[in-house]
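Take a look at the structure set out below.
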Amino acid sequence: SQTPVKVAVTGAAGQIGYSLLFRIASGALLGPDTPVELRLLEITPALKALEGVVMELDDCAFPTLAGVQIGDDAEKVFDGVNHALLVGARPRGPGMERGDLLEANGGIFAPQGKALNKVAADDVRITVTGNPANTNALIAMSNAPDIPTERFSALTRLDHNRAISQLAAKLQVPVTEIRKMTIWGNHSATQYPDLFHAEVSGKNAAETVNDQEWLANTFIPTVAKRGAAIIEARGASSAASAASATIDHARTWVEGTADGDWVSMAVRSDGSYGVEEGLISSFPVTVKDGQWSIVQGLDIDEFSRGKIDASVAELAEERDAVKGLGLI
Ligand code: NAX
């Protein structure tokens, strides 16, 4: 029988974890023929709740679930892992400044980066969902000098999926008609969902929409502020959709992108499109044989340039802040 693929999930007792673990265990990440072993990391006070989640995983009797280990010690939980889905993060509390938030998350992602560096499998792929996702990924990457930088990524696939869904609804077409969506920059309100390179049924999306007013003043803010709209409606932040996007992201990284399409991933910039090298910024990427590459040669007009630059400037500020705190 096959050796199970080891998938670590941090923040496993949280909201996203409650959806994510069951999807992974059921084969949604690696397919129906690949056994998976879950490695679940939590903080000590959440371990009891996590034990309850593990009881429910047992009760599903998933044929693909080969084992579950839980713990509060990153070096033990990450030992030999092939995928690390870093979901657990410190949310912004009342009265917390952005610097406090970055510092609190540095206290999580610096040690987790070090632990991955020490004990993860040679082929480990790391996806950061916990916010501020791009900068948390930068912190983890900077603390894992022996892991190739291209194995670190942050999640903008939820934004990507939201953008596809909004565009499909506007044009009343199925989501399957939409290709080449791009989210640029930070997973934050400054992100730039780009319709100028997207396609609807093979035609340019911005031209098909033909409504710059809607594009600039409805589409972009709806996608960028969708997280807040979900909190407003549901009384809790998006969880099932975030889990689903985390699966999409990690699965694409393994399986590759479809011909004639790409996805959005926040990855280490090599300077493409004028994005400062070293920042973890969202780009259009294709994936082949488990390796992503940034789509090259897209024309960036003045409108898009301004939006990309604004989001990248925010990433540079976050980078400077965590550098100032000695976290990278
Ligand atoms: P929850 O607060 O429900 O769960 C987070 C869990 O992480 C908690 O159980 C907590 O005990 C655990 N945790 C905290 N510190 C930890 C550590 N050092 N090691 C291991 N576990 C730790 O949050 P949830 O709704 O699940 O969201 C998780 C993260 O995803 C948040 O940072 C959230 O902002 C972020 N999101 C990111 C999205 C994205 O698209 N990138 C969208 C959804 C979500 O907002």
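The values are calculated or read from the model by the stated rules, or taken from the named source; none is laboratory data. Everything numeric in this text was worked out from a predicted model, so none of it was measured. Virtual Cβ from ideal backbone geometry, glycine too; neighbours counted across all protein chains shown. What goes into the accessible areas is simple: the full protein's heavy atoms, side chains included, and nothing from ligands, DNA or RNA. Shrake-Rupley method; radii C 1.70, N 1.55, O 1.52, S 1.80 Å.
First check a/c for segment 289-328, with a ≥ b ≥ c the square roots of the eigenvalues of its C-alpha gyration tensor; if it is under 1.5, answer rounded, and if not, answer prolate when a/b is larger than b/c or oblate otherwise.
oblate
Calculate, for the chain, the solvent-accessible area per residue in square angstrom, rolling a 1.4 angstrom probe over the heavy atoms of the protein chains.
Details: 14190 Å² over 328 residues.
Value returned for the chain: 43 Å² of accessible area per residue.
With a 10 Å cut-off between alpha carbons and a GNM built on the chain, which of ASN134, ASN217, ASN186 moves the most?
Of the options given, ASN217 has the highest mean-square fluctuation.
Relative to the longest principal axis of the C-alpha atoms of the chain, give the angle of the C-alpha long axis of helix 98-119, reported between 0 and 90° and rounded to the nearest 10°.
Roughly 60 degrees between the two axes.
Quote to one decimal, in nm, the extra length available between THR44 and GLN15 on full extension: 0.36 nm per residue of separation minus the C-alpha distance between them. Could you put the intermediate results ahead of the total?
Working: separation 29, 0.36 × 29 = 10.44 nm, distance 1.69 nm.
The span from THR44 to GLN15 would gain 8.8 nm if fully extended.
Could you order TYR18, TYR192 so the one with the most accessible surface comes first? Probe is 1.4 Å. Please list the in-between numbers first.
Working: TYR18 115, TYR192 0 Å².
Result, largest first: TYR18, TYR192.
Over the heavy atoms of ARG98, what accessible area does a 1.4 Å probe trace out, to the nearest 10 Å²?
80
Counting GluC sites (Glu not before Pro) as exposed when in a DSSP loop with at most 16 other beta carbons within 10 Å, what is the longest stretch of the chain free of them?
Details: sites that count: GLU97, GLU276, GLU277.
Counting at most 16 other Cβ atoms within 10 Å as exposed, the longest clean stretch of the chain is 98-275.
If you take every DSSP beta bridge whose two residues both sit in the chain, what share of them, in percent to the nearest 5, is antiparallel? Mind dumping the intermediate values first?
Numbers: 19 of 42 bridges.
Roughly 45 percent of the DSSP beta bridges within the chain come out antiparallel.
In degrees from 0 to 90, rounded to the nearest 10, what is the angle of the helix 157-171 Cα long axis to the longest principal axis of the chain?
Computed tilt is about 40 degrees.
For segment 191-251 and segment 1-34, what is the separation of their Cα centres, given in Å?
Computed from Cα coordinates, the inter-centre distance equals 26 Å.
Over 10 Å intervals from 0, what percent of Cα-Cα pairs in the chain sits in each interval?
6, 27, 36, 23, 8, 0
Would you grab the residues whose amide H sits under 5 Å from the one on ALA120? Only those 5+ places off in sequence or on another chain, please, with H modelled 1.01 Å from N.
Here the answer is GLY80, since their amide H atoms fall under 5 Å of that of ALA120.
Within 10 Å of each candidate Cβ there may be at most 15 other Cβ atoms; applying that plus a DSSP loop requirement, which trypsin sites (Lys or Arg not before Pro) in segment 197-245 survive? Don't skip to the answer; put the middle values down first.
On the way: sites: LYS203, LYS225, ARG226, ARG234; in loops: LYS225.
Those satisfying the criteria are LYS225.
Taking all protein chains in place and a 1.4 Å probe, what share, in percent, of the accessible surface of the chain do carbon and sulfur account for?
Working: 6920 of 14190 Å².
With neighbouring chains kept in place, the figure for the chain is 49 percent.
For MET55, what accessible surface area do you get with a 1.4 Å probe? Give it in Å², rounded to 10.
That residue has around 120 Å² of solvent-accessible surface.
May I ask which of LYS48/LYS118; LYS6/LYS76; LYS170/LYS288; LYS114/LYS323; LYS76/LYS288; LYS170/LYS307 have a Cα-Cα span longer than 24 Å here?
As for pairs spanning more than 24 Å Cα to Cα, those are LYS48/LYS118; LYS170/LYS288; LYS76/LYS288.
Does segment 39-166 come out rounded, prolate or oblate, given a ≥ b ≥ c as the square roots of the eigenvalues of its C-alpha gyration tensor, rounded meaning a/c under 1.5 and, failing that, prolate meaning a/b above b/c? Before the final figure, lay out the partial values.
Working: a/c = 1.32, a/b = 1.23, b/c = 1.07.
Because its axes are fairly even, with a/c under 1.5, segment 39-166 counts as rounded.
Can you sort LYS170, LYS180 by 1.4 Å-probe accessible area, starting with the largest? Could the numbers behind the result be given before it?
On the way: LYS170 85, LYS180 50 Å².
Final ranking, largest accessible area leading: LYS170, LYS180.
Compute the acute angle (0 to 90°) between the alpha-carbon long axis of helix 240-255 and the principal axis of greatest extent of the alpha-carbon atoms of the chain; round to the nearest 10°.
Once rounded, the angle reads 90 degrees.
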